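To keep things clear, I will list the structure first and then write my remarks on it.
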2 protein chains.
Amino acid sequence: MNARSAPRRVVALSGGVGGARFAYGLSRALEPGALTVIVNTGDDFTHWGLPICPDLDTVMYTLAELSDDERGWGLKDETFHALEGVRRYGGEAWFMLGDRDLATHLQRAQALAAGDSLTQVTDTLCRALGVPARVLPMADEPCRTMIDTERDGTLPFQQWFVGRRAEPKVQKVWLDGDPPASAAVVQALAGADLVIIGPSNPYVSIDPILSRPGVRDALRGPVVVAVSPIVGGRAVKGPLAEMIPALGGEPASAAAIARHYGSLLAGIVVEHGDEPPIRGVSVLACDSIMKNREDRVRLARDCLAFADGLLARRANS
Amino acid sequence: MNARSAPRRVVALSGGVGGARFAYGLSRALEPGALTVIVNTGDDFTHWGLPICPDLDTVMYTLAELSDDERGWGLKDETFHALEGVRRYGGEAWFMLGDRDLATHLQRAQALAAGDSLTQVTDTLCRALGVPARVLPMADEPCRTMIDTERDGTLPFQQWFVGRRAEPKVQKVWLDGDPPASAAVVQALAGADLVIIGPSNPYVSIDPILSRPGVRDALRGPVVVAVSPIVGGRAVKGPLAEMIPALGGEPASAAAIARHYGSLLAGIVVEHGDEPPIRGVSVLACDSIMKNREDRVRLARDCLAFADGLLARRANS
């Protein structure tokens, strides 16, 4: 790796926690201005009359070092007094909205109502929080990730994931709505040297981004690398390990992730021992579990060095 | 006073703190089910995209013993973490919305958006909080109390009262909008034996109620008594003492209050020494300042006994 071959324009694709932590690492490993994070909005929903964007907020809070890393969601030093009040009134109390977090949803609601796009609102919020990267919602218009379950029929994602703790077995994941990628997303992808798919759930976090009209075309230019969210056959977080057999027809593994993304990938980053035996995809095996902030930056640096090799190879071919 | 002459159906008219504290006293002095409180909604406004009803909430919280009596507004054990967040985002931070308080505004916003009337929403909220009285907004449709000032032109009430600390001198108070009294308000007034105007500001709290179409007619039946918000020439709370010379053309006094309400009143309750020398209005002089909850109940009992006398006199005439 040398200075000239270092990718200057990097885009990360992200869902919630795993992707956000990896994006944090990238934001610290790259020069200021180099990173754009494109975030899934299929999980977005309306709660207490406010538009909630769980993945966008997780990315924003994580990048700003405001997230509660132990709890795994929301803001640190959070309180839940509004929620207590709503519960007392008999309102909806199944989704944990904190008091500090509410400021985000209230500000977003007002800005959207005033006519700002979700892309503009997100930019304004990120600047106020000092987020050291550009964060883009995948689309400005809403779409909703829906989960067909064996037991409980079709549920909106948050109702399944939070409301029922991801317990009802998944038969199918689909999007209600098909908005195009925002212009900012298409530009960021088309102008990128490198796109890294973070260690997020392919079905509910990454596929919604990849399936936005305009995205596949924009991905023809950059080198695309994925970080496997499956380590030793298990998901680092969330219900992914159970979803792969049901939706992908094979056991959960880094190889299943590589096969899922198929020809899109130039390379995949996996845990030591998880190397998938797949032709045509370069593999980096490394320590991929992020237990702390140092791990995130180290993993990001490993991925960038790996990607530099792929970029150099492409430049020489 | 005997059991038969005791008024069974009592309506209190109220603005914020003073009226709410007096209504608390009435709610504890009267039998359950006897009290209806009709509350000014001219101070209502939209903030953070949510409908805020300061007087309704003060009455509701005070009657439920949830109000912060020391601070004089809002809920006890309140936190302001959402407000901190909004301030960080550069949002509107001049009005102190607490986290627990937010639950009320969020629930109200959703219920109104779902098509409930403000009367219905208020009833639902009051039941959840265990408010031991019926609380009615003066009208279901909005109107806005506007303040014409010498220095800063015309300001909506909260912008003048909270945003500018009631400092710009008042030239005129007027209502933007003229919605009729709700059906529930008209029924409560027409069916009441006794209507007590609480120690609230006549111009910004009580006149908006009295001027709702339908109210004056409904007030022909019951005996009407007012509790003076002016004690020894000063307002117990708020900017009233400065408003009376500007708007009423005379020094602040209990007599000015009696003259303001005019022929509507059968009686007025004032502090010892404040007895107004006005013909045709019965006067009760008593300890009218409410320093604690016991004072509120004592003042309410004094007022009810005084009103019993007026009711008995009317029955015998």
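Among the numbered criteria (1) open to solvent by less than 30 Å² (accessible area, probe 1.4 Å); (2) facing chain A (nearest Cβ under 9 Å); (3) within 13 Å of B:Leu50 (Cβ to Cβ), which one does B:Phe95 miss?
B:Phe95 satisfies all of (1) open to solvent by less than 30 Å² (accessible area, probe 1.4 Å); (2) facing chain A (nearest Cβ under 9 Å); (3) within 13 Å of B:Leu50 (Cβ to Cβ) except (2).
For the stretch A:25-53, name all the residues that are open to solvent by less than 10 Å² (accessible area, probe 1.4 Å) and assigned to a helix (DSSP H, G or I).
A:Gly25, A:Leu26
Among the residues of the stretch A:106-127, which ones are at the interface with another protein chain (Cβ under 7 Å from one of its Cβ atoms), crowded, with 18+ Cβ neighbours inside 10 Å and free of Cβ contacts under 8 Å to residues at least 40 places away in the same chain?
Hits for the stretch A:106-127 are A:Gln107, A:Gln110.
With respect to B:Leu56, is the statement that it is in contact (Cβ under 8 Å) with a residue 60 or more places away in the chain, touching a Ser or Thr at 6+ places or on another chain (Cβ under 9 Å) and either open to solvent by less than 10 Å² (accessible area, probe 1.4 Å) or farther than 22 Å from B:Pro156 by Cα (or both) true?
Yes; evaluated as a whole, the condition is true for this residue.
So B:Leu136 ticks every box in (1) under 30 Å from B:Glu31 (Cβ atoms); (2) within 17 Å of the chain's Cα centre (by Cα); (3) assigned to a helix (DSSP H, G or I) but one. Which box is left unticked?
(3)
Answer yes or no: is there a residue in the stretch A:283-296 that is under 16 Å from A:Val223 (Cβ atoms), at pLDDT 95 or above and not basic (Lys, Arg).
The answer is yes; a qualifying residue exists.
Count, please, the residues in the stretch A:172-221 that happen to be among the basic types (Lys, Arg) and assigned to a helix (DSSP H, G or I). Walk me through how you get there before you give the answer.
Of all residues in the stretch A:172-221, those among the basic types (Lys, Arg) come to A:172, A:212, A:216, A:220.
Cutting the leftovers down to assigned to a helix (DSSP H, G or I) gives us A:216.
Qualifying residue count for the region: 1.
Tell me yes or no: at least one residue of the stretch B:271-280 is modelled with pLDDT of 95 or more, among the charged types (D, E, K, R) and assigned to a helix (DSSP H, G or I).
no
Would you be able to say whether some residue in the stretch B:235-254 is within 21 Å of B:Ala190 (Cα to Cα) and at pLDDT 95 or above?
No, there is no match, as no residue in the stretch B:235-254 is within 21 Å of B:Ala190 (Cα to Cα) and at pLDDT 95 or above.
So B:Gly90 clears everything in (1) in contact with a helix residue (DSSP H, G or I) (Cβ under 7 Å, 6 or more places away or on another chain); (2) crowded, with 18+ Cβ neighbours inside 10 Å; (3) at the interface with chain A (Cβ under 8 Å from one of its Cβ atoms) except one condition, right? Which one?
(2)
Are any residues in the stretch A:64-98 farther than 25 Å from A:Ala166 by Cβ and aliphatic (A, V, I, L, M), and if so, which ones?
A:Ala64, A:Leu66, A:Ala82
In the set A:Leu189, A:Leu118, which member is under 27 Å from B:Trp48 (Cβ atoms) and aliphatic (A, V, I, L, M)? Step through it out loud before you land on a result.
Values: A:Leu189 fails: under 27 Å from B:Trp48 (Cβ atoms).
Answer to the selection: A:Leu118.
Out of B:Ala305, B:Ala256, which single residue is touching a Pro at 6+ places or on another chain (Cβ under 9 Å) and assigned to a helix (DSSP H, G or I)?
Details: B:Ala305 fails: touching a Pro at 6+ places or on another chain (Cβ under 9 Å).
Sole residue among the options that is touching a Pro at 6+ places or on another chain (Cβ under 9 Å) and assigned to a helix (DSSP H, G or I): B:Ala256.
Yes or no: the stretch B:222-233 includes at least one residue that is open to solvent by 40 Å² or more (accessible area, probe 1.4 Å) and on the phi < 0 side of the Ramachandran plot.
No - not one qualifying residue is present in the stretch B:222-233.
Could you list, in sequence order, all residues of the stretch B:139-159 that are assigned to a helix (DSSP H, G or I) and more than 18 Å from the chain's Cα centre (by Cα)?
B:Gln159 - this is the single residue of the stretch B:139-159 that is assigned to a helix (DSSP H, G or I) and more than 18 Å from the chain's Cα centre (by Cα).
Return the residue satisfying two criteria in turn: it lies in the stretch B:167-188 and is under 18 Å from the mean Cα position of the chain (by Cα) and among the aliphatic types (A, V, I, L, M), and of such residues it is nearest to B:Asp43 (Cα to Cα).
B:Leu175
If a residue must be open to solvent by 60 Å² or more (accessible area, probe 1.4 Å) and modelled with pLDDT under 95, how many such residues does the stretch A:132-155 contain?
Summing the residues that are open to solvent by 60 Å² or more (accessible area, probe 1.4 Å) and modelled with pLDDT under 95 in the stretch A:132-155 gives 2.
Do we have any residue at all in the stretch A:170-185 that's charged (D, E, K, R), under 24 Å from A:Ala258 (Cα atoms), in contact (Cβ under 8 Å) with a residue 24 or more places away in the chain and surrounded by 15 or more Cβ atoms within 10 Å (Cβ to Cβ)?
No.
For the stretch A:267-284, which positions are touching a strand residue (DSSP E or B) at 6+ places or on another chain (Cβ under 6 Å) and open to solvent by less than 30 Å² (accessible area, probe 1.4 Å)?
A:Gly267, A:Ile268, A:Val269, A:Val270, A:Val281, A:Ser282
Provide a single number: the residues in the stretch A:227-253 that are among the hydrophobic types (A, V, I, L, M, F, W, C), under 25 Å from A:Gln158 (Cβ atoms) and not in a helix (DSSP H, G or I).
Matching residues across the stretch A:227-253 total 5.
For the stretch A:158-169, name all the residues that are open to solvent by less than 30 Å² (accessible area, probe 1.4 Å) and out of contact with any Lys or Arg (no Cβ under 7 Å at 6 or more places or on another chain).
A:Gln158, A:Trp160, A:Ala166
Residues checked against (1) of a type in the set (Asp, Glu); (2) within 8 Å of chain B (Cβ to nearest Cβ); (3) crowded, with 21+ Cβ neighbours inside 10 Å:
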{"position": "A:Tyr61", "(1), (2), (3)": "no, no, yes"}
{"position": "A:Trp73", "(1), (2), (3)": "no, no, no"}
{"position": "A:Lys76", "(1), (2), (3)": "no, no, no"}
{"position": "A:Ala82", "(1), (2), (3)": "no, yes, yes"}
{"position": "A:Thr104", "(1), (2), (3)": "no, yes, yes"}
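The values are calculated or read from the model by the stated rules, or taken from the named source; none is laboratory data. Everything quoted here is computed from the prediction, not taken from an experiment. Glycine gets a Cβ as well: all are built from the backbone with ideal geometry, and neighbour counts include every protein chain shown. The area values use the complete protein model at the heavy-atom level, side chains included, leaving out ligands, DNA and RNA. Shrake-Rupley method; radii C 1.70, N 1.55, O 1.52, S 1.80 Å.
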